[in-house]
Amino acid sequence: MPYWAVSIPTRTAEGTSGVHVFIVTADRPEQARGRALARADMPTSLRHRRNAALRLAALTIAEITPRWGM
């Protein structure tokens, strides 16, 4: 099963921006997006980003390709 890096830009109430990155396994990018969003809703993720809002319109997904065997 491939690994995916799902990057979700964030913005705090004060206007500070950042990015919350999740590394997930999934067969397809759509599955990776769903898994990352599910993890983003967990209390530990909210605490990690200090309750910053997710900017879902700017979410990106990239497959992580291993360098071995190439």
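Of the residues that sit in the stretch 27-55 and are assigned to a loop (DSSP other than H, G, I, E, B) and at pLDDT below 95, which one is nearest to the chain's Cα centre (by Cα)? So, considering only residues that are assigned to a loop (DSSP other than H, G, I, E, B) and at pLDDT below 95, the one nearest to the chain's Cα centre (by Cα) is R49.
Conditions (1) touching a helix residue (DSSP H, G or I) at 6+ places or on another chain (Cβ under 9 Å); (2) touching a residue at least 40 places away in the same chain (Cβ under 8 Å), marked per residue:
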| residue | (1), (2) |
| --- | --- |
| V24 | yes, no |
| G34 | no, no |
| A40 | yes, no |
| L46 | yes, no |
| L59 | yes, yes |
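Filtered by the rule that a residue be open to solvent by less than 50 Å² (accessible area, probe 1.4 Å), closer than 24 Å to P2 by Cβ and not aliphatic (A, V, I, L, M), the stretch 30-50 gives G34, S45. The residue that is nearest to S7 (Cα to Cα), among those in the stretch 56-70 that are out of contact with any strand residue (DSSP E or B) (no Cβ under 6 Å at 6 or more places or on another chain) and either surrounded by 16 or more Cβ atoms within 10 Å (Cβ to Cβ) or at pLDDT 95 or above (or both), is L56.
Being in contact (Cβ under 8 Å) with a residue 24 or more places away in the chain, of a type in the set (G, A, S) and open to solvent by 50 Å² or more (accessible area, probe 1.4 Å) is the requirement here; does A53 meet it? Give the steps one after another, and end with the answer.
Values: in contact (Cβ under 8 Å) with a residue 24 or more places away in the chain: yes; of a type in the set (G, A, S): yes; open to solvent by 50 Å² or more (accessible area, probe 1.4 Å): yes.
So A53 fits the description; yes.
Report yes if R11 is without any contact (Cβ under 8 Å) to a residue 40 or more places away in the chain and of a type in the set (K, R), otherwise no. Here the answer is no, as R11 does not meet what is asked.
The values are calculated or read from the model by the stated rules, or taken from the named source; none is laboratory data. Everything numeric in this text was worked out from a predicted model, so none of it was measured. Every residue, glycine among them, receives a Cβ derived from its backbone with ideal geometry; neighbour counts consider all protein chains shown. These accessible areas exclude ligands, DNA and RNA; they are computed on the full protein's heavy atoms, side chains included. Shrake-Rupley method; radii C 1.70, N 1.55, O 1.52, S 1.80 Å.
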